[in-house]
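Data block below; observations after.
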Amino acid sequence: MTSHAASITPTIRRGLVAALAAGTLVLAGCGSGSPTGTEESASEAGSSPSSASSGELTSISVGTIAIASSTELRYGVAEGIFEDHGLDVELIEGQGGAALLPAVQNGSMQFAVGNPMSVLTAADQGLPMKVVSGYSWSSAEGDDINAVVARKDSGITGFEDLEDQTVSVNAVHTLGDLSIMESTEMAGGDPQKINFNEMPFPDMLAQLEQGNVDAVWLPEPFMGRALADPENVAVGYPNQEVMDGMPLTIAFTSESIAEEKPELVTAFQEALTESAERAAQDEEGVRAMLPEFLKMDEETAQSIRLEPAHTDLPVEKMQTIYDLMLKYGMAENPLDVESLYVQP
């Protein structure tokens with residue numbers, strides 16, 4: 001278990017740059033929408049965008065991560081929505097947004113859906129990435145899809161109580177610790193006095209129950225499991241404290257793809273938008289995909305809170321996130337986030 005104070009030096013940014021420079025990545029193929037039977041390499045995929053009306057499909061590779069919000073993307077592939085827009089999609093699973101960036105940067109993957117802070121960190125380092133669309137979001141009000149959870153007898157009832165406490169997040173310098181720090185300051189606490197440590201989500205609840213950490217930041221399905229125990233309480237929803245509807249994942253591509261293949265980008269944007277819209281109207285179909293995709297039981301698949309998915313471009317909210325990154329030492333250089341967007 002690795003501990004980090006809130007004011008740690010941003011080594012993750014340097015690691016990201018090294019990974020991008022090396023262009024190394026371990027990925028797992030997750031299947032495609034319509035196999036072409038060709039021997040086309042990943043770097044050549046997407047080289048000849050064609051319309052669905054021509055009867056030909058353009059092969060593309062799309063990076064994704066194994067979280068519930070990725071189901072809408074998988075839904076679109078399974079339902080043939082991307083094929084309707086002329087795209088034969090191979091989904092490739094990575095460990096997170098930062099892990100997907102090298103493959104998008106070197107052209108072996110045309111698009112990816114991941115954490116917006118990964119793209120913002122790359123931009124801070126001068127690495128050319130482009131935001132194609134929004135994707136999944138925290139809830140604007142009511143119960144959110146992630147929370148800080150503590151034990152009922154811990155005395156932690158608000159974000160201000162996290163001072164001098166150990167709080168587990170899955171990774172530092174992500175939306176978890178960023179939003180917790182800002183929420184703590186908004187509540188009158190000192191975010192620099194929070195001790196963050198990194199821990200995989202599946203391990204957090206046991207460590208909380210054993211008293212090895214004071215609070216944990218959990219998304220679904222882990223949050224639901226934690227709050228089912230009456231001895232645990234939700235301290236608050238940090239994403240929601242910071243803004244109404246925080247962008248949690250976005251779709252992105254390389255600058256070269258955005259500039260050289262605008263028709264491909266448009267087709268992807270339109271297919272992703274239709275996938276999100278149709279998935280929102282078919283919650284039963286989306287939930288039916290969860291057990292196989294995320295290896296969860298049927299009961300959990302039917303009960304977890306699903307992240308809202310829509311593809312609006314979150315320009316102002318992304319700017320707010322980047323400004324908070326500057327505030328808490330997670331970025332170094334001023335950035336006009338709007339310059340990163342590919343307008344549909």
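We did not get these values from a lab; they are worked out from the coordinates using the rules stated. Just so it is clear, the model here is predicted, and its values are computed rather than measured. In this analysis, Cβ positions are derived from the backbone assuming ideal geometry, glycine residues included, and neighbour counts consider all displayed protein chains.
Determine, from the Cβ-Cβ distance of GLU260 and GLU141 and an R0 of 45 Å, the FRET efficiency 1/(1 + (r/R0)^6), rounded to the nearest 0.05.
0.60
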- Item | Qualifying GluC sites (Glu not before Pro) in the stretch 265-344, DSSP loop, other Cβ atoms within 10 Å at most 13 | GLU332
- Amide N proximity, the stretch 221-263 versus ASP312 label position 7 Å along Cα-to-Cβ, cut-off under 16 Å: 240, 243-251
- Tell me, how many Å apart are the Cα centres for the stretch 173-251 and for the stretch 76-124? 26 Å
- Query: Once phi is turned into θ = phi - 60°, what whole-Hz ³J(HN,Hα) does the Karplus curve with 6.51, -1.76 and 1.60 give for every residue of the stretch 302-312, x standing for Gly and Pro?
  - Reply: 7, 10, 5, 7, 9, 5, x, 10, 7, 9, 4
- Would you calculate the separation in nanometres between label points at ALA280 and LYS193, each defined as 7 Å from the Cα along the Cα-to-beta-carbon direction? 4.2 nm
- Message: I'd like the FRET efficiency for ASP153 and ASN106, computed as 1/(1 + (r/R0)^6) with the beta carbon distance as r and R0 of 45 Å, rounded to 0.05.
- Response: 0.35
- Note on the structure: If R0 = 22 Å, then GLU292 and ASP84, at their Cβ-Cβ distance, give a FRET efficiency to the nearest 0.05 of 0.40
- ASN333 to GLU299: extension gain in nm, 0.36 nm per residue of separation minus the Cα-Cα distance? 7.6 nm
- Given H placed 1.01 Å from N in the peptide plane, which residues other than close sequence neighbours of GLY63 have an amide H under 5 Å from its amide H? ILE92, PHE111, ALA112, VAL113
- Determine the dipole magnitude for the stretch 141-242: charges of +1 sit on the beta-carbon of Lys and Arg, -1 on that of Asp and Glu, nothing else is charged, the reference point is the Cα centre, and the result goes in debye to the nearest 20. 220 debye
- Note on the structure: With x for Gly and Pro, the residue-by-residue ³J(HN,Hα) of the stretch 190-197, computed from phi through the Karplus equation 6.51 cos²θ - 1.76 cosθ + 1.60 at θ = phi - 60° and given in whole Hz, is 9, x, 6, 9, 7, 9, 8, 10
- 22 Å tail of the calculated P(r), the stretch 141-242, as % of Cα pairs: 16 percent
- Item | Cα-based Rg and Dmax for the stretch 268-344, where Dmax is the largest Cα-Cα distance (Å) | 17.4, 46
